[in-house]
Amino acid sequence: MFDWNDLRFFLELQRSGRLLTAAKRLNTTHSTVARHIDNIEQSLGTALFVQHAQGYELTPSGQALLKHAEAMENVALLAQEEITQAITPLGKIRLGVTEGIGIMFFTPRMGSLFERYPGLEVELVAVPRFVSILNREAEISIHLERPNADLLITRKLTDYRLALYASPEYLAQAPALHHREDLARHSWIGYVDDLLFSQELLFLNSFCRAPNVVFRSTSVIAQQQAARAGLGIAVLPNYMARHDPALVRVLPSETIQRSYWICTRRELHKSVRLRVVWDFLLALCAQEQDALLAE
């Protein structure tokens, strides 16, 4: 029988697809990862991975082992959770979230969470992409689209509104802007189309049929800074931009509405530390509807 510890290396290589990436995540060397994979393959008498130019891919035998390895991992996590909670009621929770709401909305409002739960530690992974729950990048993740997976528990976190913003300096030297038709004559700030992580971010054309985009970034915070610097008009969440003294709302009647979804793995939903953060985020968004849905 193979060593159960080898399954950690099997799961990490399956999730990352590359030896070096798996080794980095496990804080070891690529040769160590390869050795543990070889141990399982020797014990089972079958290959678990096929190596391609793009990385490592599971064989049919690897696919068969995967579901059992994940089940064993889940049991180990639940055992750790139960014992940890018996010793100390809280601990560390990792929250994966896109930049805008993670940095500009959640972070300034989390003080009351730590006042109520001083034993809690939150790791906020705020990046311009989705953080994967299934690949264990976080325990809770916020999405712009509703995830569909049997292993996940998902619910709507909140709706929010976006509007048009530009700097007073830009508007002073740009063409007159009184109606939607005038937007075609202006410079725009937007996302890098081929690096979009959600179709929900394709909203420039909601305002202008053929926008003249002069600056693109995968980061909504960079887009806000570009608007502040006078590069053009940006579509920004109102919770980020409406109180920014360096920005002016353009065509106030023009808005769009989007949603955030919160999810976690089904087996983790009963975790005390996870539910503390989960319930806090839901309550926070319910309390802050004026900011999130501001016209």
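The values are calculated or read from the model by the stated rules, or taken from the named source; none is laboratory data. Because the structure is predicted, anything quoted here is derived from the model rather than measured. Cβ coordinates were reconstructed from backbone atoms using ideal geometry, including for glycine residues, and neighbour counts include every protein chain displayed. Surface accessibility is based on the protein's heavy atoms, side chains included, excluding ligands, DNA and RNA. Shrake-Rupley method; radii C 1.70, N 1.55, O 1.52, S 1.80 Å.
Look at R209 and say whether it is within 21 Å of the chain's Cα centre (by Cα) and basic (K, R).
Considered against the rule, which asks whether it is within 21 Å of the chain's Cα centre (by Cα) and basic (K, R), R209 comes out as no.
When you scan the range 189-206, do you find a residue that is touching a residue at least 40 places away in the same chain (Cβ under 8 Å) and over 23 Å from I142 (Cα atoms), even just one?
The answer is yes; a qualifying residue exists.
What number of residues within the range 17-31 are open to solvent by 20 Å² or more (accessible area, probe 1.4 Å) and either touching a residue at least 12 places away in the same chain (Cβ under 8 Å) or part of a loop (DSSP other than H, G, I, E, B) (or both)?
Applying the first criterion (open to solvent by 20 Å² or more (accessible area, probe 1.4 Å)) to the range 17-31 yields 18-21, 24-31.
Subsequent filtering for residues that are either touching a residue at least 12 places away in the same chain (Cβ under 8 Å) or part of a loop (DSSP other than H, G, I, E, B) (or both) retains 18-19, 25-29.
Summing the residues that are open to solvent by 20 Å² or more (accessible area, probe 1.4 Å) and either touching a residue at least 12 places away in the same chain (Cβ under 8 Å) or part of a loop (DSSP other than H, G, I, E, B) (or both) in the range 17-31 gives 7.
Take residues that are in contact with a Gly (Cβ under 9 Å, 6 or more places away or on another chain), open to solvent by 20 Å² or more (accessible area, probe 1.4 Å) and of a type in the set (A, V, I, L, M) and tell me which of the strands (runs of 3 or more DSSP E) falling wholly in the range 156-251 contain 1 or more.
Correct list: 212-216.
Go through A226, A163 for me and flag whichever is closer than 30 Å to A283 by Cβ and small (G, A, S).
Values: A226 fails: closer than 30 Å to A283 by Cβ.
The unique qualifying residue is A163.
Which condition number in (1) over 23 Å from L113 (Cα atoms); (2) in contact with a helix residue (DSSP H, G or I) (Cβ under 6 Å, 6 or more places away or on another chain) is the one that A229 fails?
For A229, the exception is condition (2).
Return the residues of the range 1-16 that are surrounded by 13 or more Cβ atoms within 10 Å (Cβ to Cβ) and among the aliphatic types (A, V, I, L, M); say none if nothing qualifies. Walk me through how you get there before you give the answer.
As a first pass, look at the range 1-16 and keep what is surrounded by 13 or more Cβ atoms within 10 Å (Cβ to Cβ): 2, 6-16.
Hits for the range 1-16 are L7, L11, L13.
Determine which single condition T264 fails, assuming it passes every other condition in (1) touching a Lys or Arg at 6+ places or on another chain (Cβ under 9 Å); (2) closer than 20 Å to R146 by Cβ; (3) surrounded by 19 or more Cβ atoms within 10 Å (Cβ to Cβ).
Condition (1) is where T264 drops out.
Examine the range 218-236 for a residue that is in contact (Cβ under 8 Å) with a residue 12 or more places away in the chain and more than 25 Å from I101 (Cα to Cα), and state whether such a residue exists.
No.
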